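Written out below as structure tokens is the structure these notes cover.
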Amino acid sequence: MSKFNSKLGFILTAVGSAVGMANVWGFPYKFQQGGLVFLIFYLIFIGLFSYVGLSSEFAIGRYAGTGTLGAYQRAFDSRKKDSFLGKFIGFIPLLGSLLIAIGYAVIVAYVFKALVNSLTGDLMVVDTGTWFDSFSAREYSVVGYHFLIIIITLITCIGGASTIEKSNKIMMPVFFILFLILAIRIITLPNALEGYRYMFRFDRSALSLSTILAAMGQAFFSLSVTGSGMIVCGAYLNKDEDIVSSSKMTGFLDTIAALLSSAVIIPAIMVFKMDQAGGPGLLFQVLPTILQNMFMGRIFAIILYLAVILAGISSLQNMFEVVAESLIKRFPKLKRNFALILIGIFVFGFGVNMEMISQWGPFMDIVSIYIIPIGASIGALSWFYVFSKDKLLKEINLASAKTYGDSWYKIGKYVYTPIAIVLCIVALVFKISF
């Protein structure tokens with residue numbers, strides 16, 4: 001199996017897997033609502049989940065040397081040889097990765113259309129609501145863009161760890177640079193500082209259970225600790241890399257990406273007196289309206305949508321790769337490139353029939369409310385209640401600058417895992433999508 005060539009390549013790939021729509025439209029919306037209260041709790045949870053959640057998924061991946069299915073089997077076999085449950089339970093979180101890829105590809109296709117319309121200048125002269133409805137309310141409206149996104153994702157996955165690492169070494173730095181350019185432009189707008197003051201306000205009324213749950217859920221799923229995706233990053237990690245250190249850096253850069261997005265979006269919304277919005281409405285109605293009213297808005301629209309495409313493709317890479325790696329390990333006769341093509345056909349074939357937002361929304365709700373939280377809980381329980389403690393700690397401490405022992409393990413077992421279960425229960429009972 002090929003491995004990452006450097007720690008930087010591994011971290012940028014992990015960041016690419018984590019950074020996505022949750023950073024671009026989820027975090028700014030929740031940050032705008034909760035202000036400094038939301039941010040404080042978010043930072044607490046992102047620190048916790050990076051420290052034990054992300055590092056445990058990297059560790060089981062490196063220990064198993066394979067993707068989701070093999071990792072769960074190895075975890076169960078560490079306690080009981082040839083466990084029947086261990087052979088099949090990994091299909092639940094793996095299914096989550098595959099299904100989220102279907103919905104994700106649709107939205108990235110929307111972004112691709114927005115980029116093209118920014119390049120032609122069409123986006124700068126349309127009514128954004130009518131423009132968004134022109135493709136989001138029509139069947140098979142972004143088929144060409146959709147197909148190209150699948151092809152680009154497949155090309156960046158063909159060589160496994162090597163091409164994924166090389167592409168993320170380009171895509172992730174460019175993503176951060178583009179958003180930094182946007183943030184610098186926004187801060188020059190009249191009254192932009194008022195937007196920053198509002199963003200970092202301390203609102204006592206926001207100190208509530210709903211804000212804490214929002215911060216918890218945002219941190220959890222922003223890092224993609226869903227019991228599947230990050231395992232394959234660990235599988236490609238060399239034995240001489242410090243897992244916990246890399247996990248902390250991944251969490252840090254993921255947070256920087258979310259804050260950069262907020263630094264662009266929240267002040268702009270305040271300056272132009274737009275209504276708060278989350279989800280697709282923010283990216284395809286609110287932001288285009290703001291860009292239309294900005295000097296050189298067309299240039300900044302191109303920068304924005306190119307940056308979001310880079311984030312989207314890097315996340316799709318991970319979803320494709322974790323499924324492909326799991327399948328070729330479970331079915332050795334299946335060739336890697338053929339497996340990737342099958343995944344691409346499946347994702348495109350299902351996704352092309354839900355390009356309407358009215359179809360896409362309910363589908364993504366099912367995936368994010370039911371399958372993803374259940375998969376995340378299965379992962380946490382498997383790493384801290386099934387997988388051998390000694391073997392997990394041995395993998396965590398391999399090449400580590402410091403030794404992690406009972407304290408680290410107890411945080412994972414008695415804090416992180418219960419939080420994963422609570423989020424799952426909240427999602428299932430209250431039908432909340434994090």
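Data overview
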item	result
Residues located in region 114-173, provided they are of a type outside the set (G, A, S), crowded, with 18+ Cβ neighbours inside 10 Å and not in a helix (DSSP H, G or I)	V142
Selected residue [closer than 17 Å to Y414 by Cα and either of a type in the set (V, I, T) or not in a helix (DSSP H, G or I) (or both)] from V52, V37	V52
Residues being within 25 Å of G16 (Cβ to Cβ) and of a type in the set (S, T, N, Q) - total across region 261-311	2
Criterion violated by M249 - all others in (1) open to solvent by 40 Å² or more (accessible area, probe 1.4 Å); (2) in contact (Cβ under 8 Å) with a residue 60 or more places away in the chain; (3) out of contact with any Lys or Arg (no Cβ under 9 Å at 6 or more places or on another chain); (4) closer than 21 Å to F45 by Cα satisfied	(3)
Filtered residue count, region 78-91, keeping only those that are open to solvent by 50 Å² or more (accessible area, probe 1.4 Å) and in a helix (DSSP H, G or I)	5
Output for region 392-401, where each listed residue is open to solvent by less than 30 Å² (accessible area, probe 1.4 Å) and assigned to a helix (DSSP H, G or I)	L392, L393, E395, I396
Filtered residues of region 207-235 (kept if touching a residue at least 12 places away in the same chain (Cβ under 8 Å), open to solvent by 10 Å² or more (accessible area, probe 1.4 Å) and either on the phi < 0 side of the Ramachandran plot or in contact with a Lys or Arg (Cβ under 9 Å, 6 or more places away or on another chain) (or both))	L207, T211, I212, L213, A214, M216, F221, T226
Within region 378-391, tally of residues that are open to solvent by 10 Å² or more (accessible area, probe 1.4 Å) and either assigned to a helix (DSSP H, G or I) or within 16 Å of S97 (Cβ to Cβ) (or both)	7
Failed criterion for R201 (all others in (1) at pLDDT below 90; (2) over 11 Å from P267 (Cα atoms); (3) part of a loop (DSSP other than H, G, I, E, B) hold)	(1)
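The values are calculated or read from the model by the stated rules, or taken from the named source; none is laboratory data. If you're wondering where the values come from, they're calculated on a predicted model, not measured in any experiment. As a convention, Cβ positions derive from the backbone with ideal geometry for all residues, glycine included, and neighbour counts pool all protein chains shown. Protein only, heavy atoms only, side chains kept; ligands, DNA and RNA dropped before computing areas. Shrake-Rupley method; radii C 1.70, N 1.55, O 1.52, S 1.80 Å.
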